[in-house]
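J.: This is the structure, below, for whatever I ask next.
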Amino acid sequence: MKNYSLKINGNQYNVDIDEINEASTEANVVVNGTQYKVEILGGKARKVSKPHVIPAPEATGLSVTPTTASNKPVANPEVSASAYKVVCPLPGTILSVNVKEGDKISAGQTLLVVEAMKMENNIDAERGGVVKSVAVQKGATVMEGDVLLVIE
């Protein structure tokens with residue numbers, strides 16, 4: 001119920017309006033203690049309907065597997081004893097790969113940029129060396145712990 005205090009032509013009116021019936025354009029209004037049934041002009045009754053529920057399809061035993069290799073990281077490459085793996089610190093998407101196989105890199109150099117939680121995260125080299133293999137490409141979705149590249 002809503003309560004209004006109105007002044008019309010110098011006269012004070014206390015008006016209480018009950019909830020408006022959504023199935024019609026009528027409302028119960030009390031003006032200075034007198035009850036009135038009021039029709040709202042220009043109003044349209046709203047038909048309230050229940051949401052339509054569509055049943056889920058039955059399981060068929062089929063599974064869907066993405067076929068584009070551009071979105072998947074490559075399997076962990078072979079690593080020698082002197083090499084080290086650069087792994088993804090958190091799940092995200094590869095925005096850029098700044099090195100390629102055979103590149104000589106130095107410690108602190110940015111190797112890749114990963115977008116995670118709408119933030120860009122630089123993946124920097126912990127030490128210098130030569131890039132032995134790059135296991136991801138731009139646009140790939142990676143998970144925490146995935147090998148991104150190997151440095152010897």
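J.: Applying a 10 Å radius around every beta-carbon, put 83-89, 10-16, 99-105 in order of their mean neighbour count, most first.
T.: On the way: 83-89: 17.1, 10-16: 10.6, 99-105: 13.4.
Put in order of decreasing packing, that is 83-89, 99-105, 10-16.
J.: Highest mean first, what order results for 132-141, 119-128 on Cβ atoms within 10 Å? Write out the running numbers ahead of the final one.
T.: On the way: 132-141: 17.8, 119-128: 13.2.
Sorting 132-141, 119-128 by mean packing, highest first, produces 132-141, 119-128.
Read-outs: derived from the displayed coordinates by stated rules, not from any lab. Every value quoted in this text rests on a predicted model; they were computed, and no experiment measured them. Reconstructed Cβ throughout: ideal geometry from the backbone, glycine too, with neighbour counts over all protein chains shown.
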